[in-house]
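Colleague: Mind having a look at this structure? Questions to follow.
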Amino acid sequence: MINFSITRYSNNSIICVFVFIFFLKSFICFSQDYGLTFNGQNSSLDERTSLNLIPNEFLSFDEEFDISFDLKINLNEKGHLFGYILRIINKNDQNIDLIVSNSASPKGNVRRLNIVIGDTETVVPIDYLNFNNKNWIKLGLKFSLTDNKLLFSVKDSVVLKSYINFEKRESFKFMFGANNYKQFATTDVPDMSIRDIKLFINEKLEHHYSLNEIDGALAVDKLTKSRASVTHANWVLNRHQKWQNVLEDEVEGVSLVTADTVSDILYLLRNKELIVYNVGTNKQTSIKYKNSLFVLTNDHRVVYNYTDKKVYCYLIDKDFVSKLNVETGFWESNYTYEGLRHKQKYQHHNSIYNQLDNSIYTFGGYGQHEYSNEVMRVDFRDGISKVLSINDSIFYPRYLAGITSLNDTIYLFGGYGSASGSQLVNPKHYFDLLGYSVKNKKFIKKFEIPQISEHMVVGNNFWIDSEKRDFYALISDKTKYDGFLQLLRGNLDKPEAEFVGNKIPFKFLDVKSFATLFYMSKQKKLLAYTSFVKDSVNTEFKIYTIEYPPQVYKLKTTEPELETHKYSYVIIVFLMLIGIGFIFYFYLNKKLLKRKNQNDIVKIENSNNSEYNIDYKPNVKIGEYQIIFFGGFQVIDKEQNDITNKFSPLLKELFLLIWLYTFKNNKGISSEKLVEFLWYDKSSRKAQNNRSVNITKLRTLLKEIGYCDLTKDTGYWKIIFEPKKLKSDYFDLIQITEDEKNITKDRVDLLIKITQKGSFLSNLNYEWLDYFNADISDRIINTLTNYVQNEDIEKDPDFIIHLSDCIFNFDSINEDAMIYKCKAQYMMGKHSLAEGTFKKFEKEYKLLYAQDYEYSYQDILNQN
């Protein structure tokens with residue numbers, strides 16, 4: 001029996017090793033763009049790039065050798081281009097150069113490739129149309145030292161044969177771009193990119209520089225591990241992982257932004273002028289307004305009209321729309337800028353230009369302590385905004401969301417708001433992706449993404465790749481002033497999300513900050529624009545770009561990829577033996593490991609057990625929790641990585657069912673109950689198979705979390721864990737609310753902080769969850785009301801207010817919370833706030849019970 005098991009596991013391990021190697025090789029070989037871009041004639045002389053394959057020495061060859069590499073260079077544009085692609089020099093200072101240069105033709109100067117051997121120049125016959133900024137072209141030079149021949153190839157096809165005069169045994173240097181070697185030193189470098197340099201000696205691959213580094217001044221030979229030297233490196237992978245700060249400035253007044261993403265033009269509107277920023281050339285042009293001075297505010301918004309090529313500025317509160325001729329600087333009307341007072345009801349709303357009906361559509365916003373879910377259409381013909389009737393409850397009131405469009409659908413992503421619209425009633429973060437049909441005037445909810453950022457708000461515009469259907473959005477943390485923006489990648493067809501690129505520094509204060517994202521189609525770059533109003537006079541703005549498609553940010557240079565060479569089979573066999581040994585060891589020690597784990601893990605058999613409560617005290621900081629239930633479900637593994645997105649919707653519900661039922665009755669949940677909740681629509685056999693597969697997946701995720709395990713020792717599924725090592729806000733809340741004898745201010749303060757993060761499992765709407773929601777609410781309300789009855793309001797009225805607000809989050813018409821909050825506010829001298837608290841309670845009480853509240857405001861203040 002043991003031999004059979006070992007054989008079975010060994011076969012599995014061998015398969016896993018092969019799959020792993022195949023996946024790793026495929027991932028590296030077929031990953032996104034890489035290489036080294038050379039800073040050429042558009043850069044200063046001191047910043048031009050060089051690549052020396054064999055620094056400080058020569059490489060020796062006998063009879064025959066080849067060098068090949070991939071080149072990306074644009075030979076189709078007109079204009080001057082000159083520089084050295086490659087210089088090959090021997091010890092006797094004989095040189096062979098590959099140069100790009102210009103030559104006269106009937107159509108003007110054209111660019112061409114030249115081979116220079118000593119003093120002889122030969123033009124390479126190639127199809128220049130293939131050489132552009134999009135295509136990698138493989139070039140090769142084959143040296144036959146015995147036959148004195150040089151063969152030049154393009155895409156493995158020989159296009160040129162030349163005579164050379166070298167010894168049968170020679171030593172050479174290989175230098176790309178600039179160099180400082182003797183009389184061959186040069187700074188003449190064309191703008192180009194190179195990757196996958198390979199050196200063959202007698203048709204055998206001996207050196208391979210893939211140039212897939214991310215940073216640094218060295219390039220690794222994957223076969224010999226030798227290092228090539230690089231100066232002023234511009235790594236392609238770096239530009240797909242790191243944002244480049246291309247422009248920043250501080251201006252007087254407000255700065256508004258819109259873009260023509262077809263032409264890669266950014267329009268920056270200020271009080272006195274329009275700045276036209278060309279992303280491709282990184283140059284600005286100032287166009288002074290022909291009209292009088294204007295007063296722009298952060299409530300104004302601007303969009304670019306692709307139909308008439310003008311910029312439209314509007315103030316949604318006032319039905320004012322003006323359009324600007326971007327060539328002349330003339331505004332056709334200026335009511336938008338007359339400085340008239342307005343209600344500011346739609347701050348940080350979302351808007352988008354719809355070319356199908358030549359209109360602007362606006363969504364949501366915030367003002368006067370209310371979140372909006374109004375949808376308006378601003379018609380460019382009459383400049384009047386109209387509120388559209390939307391009989392749909394999918395789009396809840398919100399602001400700080402993202403907006404974009406694809407075909408005839410407008411998409412909205414994320415935001416912050418509340419279902420009621422009131423700022424006071426349980427505001428929360430949204431993680432949903434919504435679609436709005438312009439034709440049908442209807443919303444659809446696509447899905448909710450995993451909550452990979454707890455306090456997520458979204459930059460004003462996001463972008464969709466129409467081919468891959470991936471979307472990209474800038475997100476930030478609403479709770480951090482000195483925070484950062486991160487680029488999130490999702491997909492329209494599946495609820496997945498991940499961060500790509502590095503972080504962008506970002507100051508956040510909703511009334512002063514702004515961030516948005518554009519895709520510049522010509523440059524194939526994503527552009528992030530941020531602004532912050534420093535005071536009432538000045539605004540600082542910054543512009544960042546990252547090349548598309550962006551990649552997951554890595555702190556270190558990538559390891560050399562696996563290469564098929566003389567040691568590869570040894571490595572594979574070695575990995576197989578390790579896998580077999582591990583499986584054998586695991587099998588023989590399975591019972592010992594299981595026994596040890598059961599001894600190490602504390603079983604949650606009875607939360608009222610006195611011995612258990614003595615051992616554990618909920619005194620962690622909010623940020624230390626690994627399993628988070630309040631403010632959105634989130635899971636952190638033992639390496640402090642967020643793995644929430646590894647929980648599919650089904651795995652998430654399975655985990656929550658088992659976890660919550662573990663605490664509900666100390667019994668767990670039966671297999672039959674799981675099937676009833678999760679696989680009720682499947683046959684008994686299919687349900688059993690689905691359960692087995694997903695239980696296995698869940699066990700794997702629990703191992704990543706650490707200090708917990710899934711057990712069915714009693715016939716019911718339960719999760720056992722070490723509460724001193726694995727922290728959960730839900731577990732702490734249970735301990736605080738059940739231990740009535742040890743209710744201290746510190747514990748109550750922790751309870752308040754837990755619930756302030758947001759509601760319990762927000763955005764999850766399982767029917768079976770109603771019981772747990774009610775139980776949580778009862779526990780919190782009972783614990784806090786019992787505690788507050790013994791507190792002296794005068795000692796810490798501010799704490800009483802926070803405590804009361806916490807109760808209101810779970811019971812908006814809780815009489816005790818209203819009384820204590822009114823008294824605390826009154827004692828602090830905030831009389832109008834106290835009366836406002838009472839009136840709000842009185843209004844909601846009448847709305848719910850259809851009768852007036854029996855006590856007056858004065859009665860409340862006079863109560864003991």
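The values are calculated or read from the model by the stated rules, or taken from the named source; none is laboratory data. All of these numbers come straight from a predicted model, not from anything done at the bench. Note: ideal-geometry Cβ built from the backbone for every residue, glycine included; neighbour counts use all protein chains shown. Side chains are part of the model used for accessible areas, which takes the heavy atoms of the whole protein and leaves out ligands, DNA and RNA. Shrake-Rupley method; radii C 1.70, N 1.55, O 1.52, S 1.80 Å.
Colleague: Which members of the range 463-484 meet the condition of being within 16 Å of residue 429 (Cβ to Cβ) and either among the hydrophobic types (A, V, I, L, M, F, W, C) or in a strand (DSSP E or B) (or both)? Break it down stepwise before answering.
Modeller: The initial filter retains those residues of the range 463-484 that are within 16 Å of residue 429 (Cβ to Cβ), namely 473-480, 483.
Those that are within 16 Å of residue 429 (Cβ to Cβ) and either among the hydrophobic types (A, V, I, L, M, F, W, C) or in a strand (DSSP E or B) (or both): 473, 474, 475, 476, 477, 483.
Colleague: Take the range 172-212 and flag every residue that is of a type in the set (Gly, Ala, Ser) and surrounded by 15 or more Cβ atoms within 10 Å (Cβ to Cβ).
Modeller: 177, 178, 193, 210
Colleague: Would a scan of the range 505-518 turn up a residue that is closer than 24 Å to residue 344 by Cβ, of a type in the set (Phe, Trp, Tyr), assigned to a strand (DSSP E or B) and open to solvent by less than 50 Å² (accessible area, probe 1.4 Å)?
Modeller: Among the residues of the range 505-518, at least one is closer than 24 Å to residue 344 by Cβ, of a type in the set (Phe, Trp, Tyr), assigned to a strand (DSSP E or B) and open to solvent by less than 50 Å² (accessible area, probe 1.4 Å), which makes the answer yes.
Colleague: Answer yes or no: is there a residue in the range 773-789 that is of a type in the set (Lys, Arg) and under 34 Å from the mean Cα position of the chain (by Cα).
Modeller: Taking every residue of the range 773-789 in turn, none turns out to be of a type in the set (Lys, Arg) and under 34 Å from the mean Cα position of the chain (by Cα).
Colleague: Across the range 377-396, what is the total count of residues that are at pLDDT 90 or above and open to solvent by less than 10 Å² (accessible area, probe 1.4 Å)?
Modeller: Counting residues in the range 377-396 that are at pLDDT 90 or above and open to solvent by less than 10 Å² (accessible area, probe 1.4 Å) gives 1.
Colleague: Continuing with the same structure: In the range 252-273, what residues are in contact (Cβ under 8 Å) with a residue 40 or more places away in the chain and either assigned to a loop (DSSP other than H, G, I, E, B) or surrounded by fewer than 18 Cβ atoms within 10 Å (Cβ to Cβ) (or both)? Before you say what the answer is, go through the steps one by one.
Modeller: Going through the range 252-273, the residues in contact (Cβ under 8 Å) with a residue 40 or more places away in the chain turn out to be 252-264, 266-269, 273.
Residues satisfying the conditions are 252, 253, 254, 255, 261, 262, 263, 264, 273.
Colleague: Name the residue that is surrounded by the fewest Cβ atoms within 10 Å (Cβ to Cβ), counting only residues in the range 219-237 that are assigned to a loop (DSSP other than H, G, I, E, B) and of a type in the set (A, V, I, L, M).
Modeller: My answer is 223.
Colleague: Something else: Residue pairs, Cβ under 7 Å, 6 or more apart or interchain, first in the range 326-338 and over 19 Å from residue 268 (Cβ atoms), second modelled with pLDDT under 85. List them.
Modeller: 335/320
Matching residues to (1) touching a helix residue (DSSP H, G or I) at 6+ places or on another chain (Cβ under 7 Å); (2) acidic (Asp, Glu):
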site: 771; (1), (2): no, no
site: 778; (1), (2): no, yes
site: 791; (1), (2): yes, yes
site: 809; (1), (2): yes, no
site: 827; (1), (2): yes, no
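Colleague: Okay, next question. It is to be established whether one or more residues within the range 315-336 are among the acidic types (Asp, Glu), assigned to a loop (DSSP other than H, G, I, E, B), under 13 Å from residue 300 (Cα atoms) and modelled with pLDDT of 75 or more.
Modeller: Yes, some residue in the range 315-336 is among the acidic types (Asp, Glu), assigned to a loop (DSSP other than H, G, I, E, B), under 13 Å from residue 300 (Cα atoms) and modelled with pLDDT of 75 or more.
Colleague: When the range 209-245 is examined, which residues are found to be under 16 Å from residue 50 (Cα atoms) and either touching a Cys at 6+ places or on another chain (Cβ under 9 Å) or among the basic types (Lys, Arg) (or both)?
Modeller: 227
Colleague: If we only count strands (runs of 3 or more DSSP E) wholly inside the range 43-94, which ones have 2 or more residues that are closer than 30 Å to residue 148 by Cα and within 43 Å of the chain's Cα centre (by Cα)?
Modeller: Result: 50-52, 64-72, 83-90.
Colleague: Also, I was wondering about something else. So which residues in the range 619-675 are in a loop (DSSP other than H, G, I, E, B), more than 26 Å from residue 497 (Cβ to Cβ) and touching a residue at least 12 places away in the same chain (Cβ under 8 Å), if there are any at all?
Modeller: Those that are in a loop (DSSP other than H, G, I, E, B), more than 26 Å from residue 497 (Cβ to Cβ) and touching a residue at least 12 places away in the same chain (Cβ under 8 Å): 619, 620, 666, 667, 668, 670.
Colleague: Please work out which residue is surrounded by the most Cβ atoms within 10 Å (Cβ to Cβ), limiting yourself to the range 118-136 and to residues that are among the hydrophobic types (A, V, I, L, M, F, W, C) and modelled with pLDDT under 90.
Modeller: 131
Colleague: Next question, about the same structure. With 629, 647, 655 as the choices, which residue is within 14 Å of residue 454 (Cβ to Cβ), crowded, with 16+ Cβ neighbours inside 10 Å and either of a type in the set (A, V, I, L, M) or at pLDDT 90 or above (or both)?
Modeller: From the options 629, 647, 655, the qualifying one is 629.
Colleague: Ok, one more. Scan the range 803-825 and give yes if some residue there is open to solvent by 40 Å² or more (accessible area, probe 1.4 Å), of a type outside the set (Val, Ile, Thr) and closer than 18 Å to residue 730 by Cβ, otherwise no.
Modeller: Looking for residues that are open to solvent by 40 Å² or more (accessible area, probe 1.4 Å), of a type outside the set (Val, Ile, Thr) and closer than 18 Å to residue 730 by Cβ, one finds at least one in the range 803-825, hence yes.
Colleague: Working only within the range 283-307, note down all residues that are in a loop (DSSP other than H, G, I, E, B) and surrounded by 12 or more Cβ atoms within 10 Å (Cβ to Cβ).
Modeller: Of everything in the range 283-307, those that are in a loop (DSSP other than H, G, I, E, B) and surrounded by 12 or more Cβ atoms within 10 Å (Cβ to Cβ) turn out to be 289, 291, 294, 295, 296, 297, 298, 299, 300, 306.
Colleague: While we're here: Specify the residue that is farthest from residue 424 (Cα to Cα); the eligible residues are those in the range 820-864 that are touching a residue at least 40 places away in the same chain (Cβ under 8 Å) and not basic (Lys, Arg).
Modeller: 863
Colleague: Which is closer than 18 Å to residue 176 by Cβ, of a type in the set (A, V, I, L, M) and modelled with pLDDT under 90, of 113, 139? Steps first, please.
Modeller: Values: 139 fails: modelled with pLDDT under 90.
Unique residue meeting the criteria: 113.
Colleague: Please go through (1) within 18 Å of the chain's Cα centre (by Cα); (2) more than 22 Å from residue 763 (Cα to Cα); (3) open to solvent by less than 50 Å² (accessible area, probe 1.4 Å) for residue 489 and return the number of the only condition it doesn't satisfy.
Modeller: (2)
Colleague: Can we say residue 98 is at pLDDT 90 or above, open to solvent by less than 30 Å² (accessible area, probe 1.4 Å) and not hydroxyl-bearing (Ser, Thr, Tyr)?
Modeller: It is true that residue 98 is at pLDDT 90 or above, open to solvent by less than 30 Å² (accessible area, probe 1.4 Å) and not hydroxyl-bearing (Ser, Thr, Tyr).
Colleague: Moving on. Considering only residues of the range 131-152 that are outside any loop (DSSP other than H, G, I, E, B) and without any contact (Cβ under 8 Å) to a residue 24 or more places away in the chain, which is farthest from residue 99 (Cα to Cα)?
Modeller: The qualifying residue farthest from residue 99 (Cα to Cα) is 149.
Colleague: Return only the number of the condition from (1) over 37 Å from the mean Cα position of the chain (by Cα); (2) surrounded by fewer than 16 Cβ atoms within 10 Å (Cβ to Cβ); (3) in contact (Cβ under 8 Å) with a residue 40 or more places away in the chain that residue 749 does not satisfy.
Modeller: The number of the failed condition is (1).
Colleague: What is the residue count in the range 676-707 for residues that are farther than 19 Å from residue 767 by Cβ, outside any helix (DSSP H, G or I) and open to solvent by less than 40 Å² (accessible area, probe 1.4 Å)?
Modeller: 1
Colleague: Answer yes or no: is there a residue in the range 151-162 that is of a type in the set (S, T, N, Q), within 26 Å of residue 47 (Cα to Cα) and buried (at least 16 other Cβ atoms within 10 Å of the Cβ).
Modeller: no
Colleague: So for the range 769-788 (the condition being touching a residue at least 12 places away in the same chain (Cβ under 8 Å), assigned to a loop (DSSP other than H, G, I, E, B), surrounded by 14 or more Cβ atoms within 10 Å (Cβ to Cβ) and not polar (S, T, N, Q)), does at least one residue qualify?
Modeller: There is no residue in the range 769-788 that is touching a residue at least 12 places away in the same chain (Cβ under 8 Å), assigned to a loop (DSSP other than H, G, I, E, B), surrounded by 14 or more Cβ atoms within 10 Å (Cβ to Cβ) and not polar (S, T, N, Q).
Colleague: Quick check on the range 455-486: of everything there that is open to solvent by less than 60 Å² (accessible area, probe 1.4 Å) and of a type in the set (Phe, Trp, Tyr), which residue is nearest to the chain's Cα centre (by Cα)?
Modeller: Checking each candidate, the answer is 472.
Colleague: Need at least 1 residues that are touching a residue at least 60 places away in the same chain (Cβ under 8 Å), under 26 Å from residue 509 (Cα atoms) and charged (D, E, K, R) per element, so show me which strands (runs of 3 or more DSSP E) inside the range 372-454 make the cut, counting only ones lying wholly within it.
Modeller: Counting at least 1 such residues, we get 428-437, 442-448.
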